[in-house]
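Shown next, in structure tokens, is the structure this report addresses.
The values are calculated or read from the model by the stated rules, or taken from the named source; none is laboratory data. Worth saying up front: this structure is predicted, and the values here are computed from it rather than measured. With ideal geometry, Cβ positions are generated from the backbone for all residues, glycine too; neighbour counts draw on all protein chains shown.
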Amino acid sequence: MVRKGTEKDISQVAAIYEHIHDGEERGTSTVGWIRNVYPTADTARAALEAGDLFVMEQEGAVVAAARINKIQVPVYADVPWRYPDVPDDQVMVLHTLVVEPACAGKGYGTAFVGFYEDYARENGCPYLRMDTNARNQAARNLYARLGYWEAGIVPCVFNGIPSVQLVCLEKKL
């Protein structure tokens, strides 16, 4: 079940971030994030304060989380979108989707993206956008399987992380 996040979810979401950082540092996963830079508990708190933190809960535990809103990051202006001239109020954006690594392979990422698509439809946004680090092949594979098109790769500093090759994806519902 996906629901709006609450203050009590911040510690669990931050723990997921830490577990992903652990995997990156051990070399068991490649996401392209940096511990204490992005994402952090403050990333989740900012999403909560803006009212756009969503969490997936299973048996009382948060197993996935993301921020969903209509805010396109500034580098999106440099992307050769397939649908470049759509009004901003018709674009929904998925940010910082995470799944607890211990729960990988259970379909939570796919289910969360399904929720995102339904949420976009319900809010009159037929155009979907998101991004990931080019190094995050697992996310790129998931999004391709779910029908997202890689519109472009933009070099940038992303949330304080230098030299990111930001893969920008889109889909029309």
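Looking at residue 65, is it touching a residue at least 12 places away in the same chain (Cβ under 8 Å) and either closer than 19 Å to residue 143 by Cα or not basic (Lys, Arg) (or both)? It is true that residue 65 is touching a residue at least 12 places away in the same chain (Cβ under 8 Å) and either closer than 19 Å to residue 143 by Cα or not basic (Lys, Arg) (or both).
Please work out which residue is surrounded by the most Cβ atoms within 10 Å (Cβ to Cβ), limiting yourself to the range 64-83 and to residues that are within 14 Å of the chain's Cα centre (by Cα) and aliphatic (A, V, I, L, M). Spell out how you get there, then give the answer.
Kept after step one, since they are within 14 Å of the chain's Cα centre (by Cα), are these residues of the range 64-83: 64-73.
Of the ones still in play, those that are also aliphatic (A, V, I, L, M) are 64-66, 68, 71, 73.
Details: 64: 24, 65: 29, 66: 25, 68: 25, 71: 15, 73: 17.
Here the residue is 65.
Each residue in the range 105-127 was checked for being touching a Leu at 6+ places or on another chain (Cβ under 7 Å) and of a type in the set (A, V, I, L, M, F, W, C), and 3 pass.
Here the range 127-148 is the region considered, the condition is being charged (D, E, K, R) and crowded, with 19+ Cβ neighbours inside 10 Å, and the residue that is farthest from the chain's Cα centre (by Cα) is 129.
Report whether or not residue 120 is closer than 23 Å to residue 17 by Cα, buried (at least 17 other Cβ atoms within 10 Å of the Cβ) and among the hydrophobic types (A, V, I, L, M, F, W, C).
On the way: closer than 23 Å to residue 17 by Cα: no; buried (at least 17 other Cβ atoms within 10 Å of the Cβ): yes; among the hydrophobic types (A, V, I, L, M, F, W, C): yes.
The answer is no for residue 120.
Residues that are modelled with pLDDT of 95 or more and in contact with a Lys or Arg (Cβ under 8 Å, 6 or more places away or on another chain): list the strands (runs of 3 or more DSSP E) wholly contained in the range 54-173 that include at least 2 such residues. Show your work before the answer.
Details: elements: 61-69, 91-99, 127-133, 149-158, 161-172.
So the answer is 91-99, 127-133, 149-158, 161-172.
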